[in-house]
1. Just to be sure I understand the model, the point goes 7 Å from the Cα along the line to the Cβ. What's the resulting I333 to F244 distance in nm?
2. So between Y277 and I315, what do we pick up on full extension, going 0.36 nm a residue minus the alpha carbon distance?
3. Order of 392-400, 327-335 by packing, highest average Cβ count within 10 Å first?
4. What is the packing order of peptides 379-386, 300-307, 409-416, taking the mean over residues of other C-beta atoms within 10 Å and listing the highest first?
5. What percent of all Cα-Cα pairs in segment 14-473 falls in each 20 Å bin, counting up from 0?
6. Once the piece of chain linking A151 and K475 is laid out straight, how much longer is it, given 0.36 nm per residue of separation minus the C-alpha distance between them?
7. Please list R124, R472 in order of solvent-accessible area, largest first, computed with a 1.4 Å probe with all protein chains present.
8. Which shape class applies to segment 260-335: rounded if a/c is under 1.5, otherwise prolate when a/b exceeds b/c and oblate if not, where a ≥ b ≥ c are the square roots of the Cα gyration tensor eigenvalues?
Amino acid sequence: MGIPFLSKAQEPSLDDIHAQQERRPSAAEAIAADRQRKSVSDKKVTGASQITVRQSIVPVSLVTILFFLWGFAYGLLDVLNSRFQTALNITQGQSSGLQGAYFGAYFIGPLTYSGWFVRRFGYRYTFMLGLSIYCVGALMFWPSAVKRSFAGFCGSMFIVGSGLSTLETSANPYIAVCGPPRWSEFRLELAQSFQAVGSVVAPVLASYVIFKNIGEDGKSLESVQWVYLGIAAFVGLLAVVFYFSPIPEVTDADMADQAEMTQAETGYVDKPLSKQYTLFWGVAAQFSYVGAQVAIAGYFINYYTQARPDLNVKIAQKQGANFYAIAQALFAIGRFAAAFLMWFTKPRWILLVFQTAIMVFISLAIAISGPKDGANWSGLSMLMMVLFFESCIFPTIFTLSIRGLGRHTKRGASFIVSSICGGAVVPAILGNVADIIGTRKAMVVPLSFFIIAWSFPIYLNLFKGKELDAYRESKVGLEDHQPEKSTALTMDEASLEKGEGIETSQCEVSPMRSL
């Protein structure tokens, strides 16, 4: 029978998909079906593979709210990291336990319950599940603050991370697939721009509202209790809203249908999941990139504090939170700028340029030491530029990694979301290295992981350009588009067509039927 979490039984086969293409449902039917609020089998072609831009506006806008929500939670995490060092008398290495708990949940959830849940019950109910788990985790911050327990905070953060990882397992692929494939990268980049806005708002509120009254010794945690109580109330209400929202389901059968239509001219090859090498390279790149990004964000305030030897620690931490907000604003601006560029330029080119710029600026942030007794403004500005160019990396790696997965889209998306657990690994390494050699020099740790992530856009541009460009040029989901006849090949059929063991004329292929 196998383990339900890891079972492939829910995935459709090509035969399942082709049997339904004699009369393919329209996108309008897929939109209308969302009113039933019933879970849809992943083996059913609903017609959602052809949703137009106009039809996708409402569901995509609703899901974009979730991106702001976890951007806010992520922004608070980075401030809590430095705040707990003072309030609970812990080291930089110990404070990384928050990142470890938060991002450790990303490794467990997508590969087990949330990955299975989205395939079994669909996107709508996965959104509700993630919000409910997030609500429970936020409520747990109250007793943790009362007991002043760092272990309790880590446990609460693990539950919060479990909820948010469940949301990411559903929201990221949903934004990517809900609408014409031509604009997939643009949609996710734009939606995640609002996540970046949440990351800007959180440290500003933390500096001027949440941690404004922290006591003379800076050790009060009362404000933390009330902030997370408010978050719990909001996400609980949002879970109810999503039950009544128009969220058309996009199944793996729909994605296989869309992949065949998109690659009608080049010839779509259906590969088993184990042979989706671009996906696995993307998982490794995402693990490395997210780990490095989280490490830099988590220790930005520490970098600022050590770059300002002319200030006492309390003042430097408060100013550091302000400068971190500016850096996050640059991050948000970078995402909007990248989204704008993706409307005109190939995403694989943008990914390569932005990741190359990251390598340059983080190297400068490490190399520039600044005056001995004065502010190291040059190093700080270089580190802030790193955040600007980090902006588009996560969503672009995500969308380019799931291109062409077809019937494996939801499982593949779960693997990519699970790779976010890199945020639990790299900050811990950086924190412990920083305790020994200082935060500035310790930035060589994220640099080494950025190098691994940098290999992915190089690979895409050298070897996958033609396949990716087919999606960029696709007319599927555009109002004036009618599905073409296309041909889908299994791996064995593709080998036969290349002449391996039998003449091409003897090959049988599965027809793609038009309306």
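1. Distance between label points: 4.0 nm.
2. Full extension from Y277 to I315 adds 8.8 nm.
3. For the peptides 392-400, 327-335, the packing ranking is 392-400, 327-335.
4. The peptides rank, most packed first, as 409-416, 300-307, 379-386.
5. Taking every Cα pair in segment 14-473, the percentages come to 26, 56, 17, 1.
6. Details: separation 324, 0.36 × 324 = 116.64 nm, distance 5.22 nm.
Computed gain between A151 and K475 is 111.4 nm.
7. From most exposed to least exposed: R472, R124.
8. In terms of gyration-tensor shape, prolate.
The values are calculated or read from the model by the stated rules, or taken from the named source; none is laboratory data. A quick note: this is a predicted structure, and the numbers were derived from the prediction, not measured. Cβ sites come from the backbone with ideal geometry, for glycine too, and all protein chains shown count toward neighbours. Quick note on the areas: whole protein, heavy atoms, side chains included, nothing else; ligands and nucleic acids left out. Shrake-Rupley method; radii C 1.70, N 1.55, O 1.52, S 1.80 Å.
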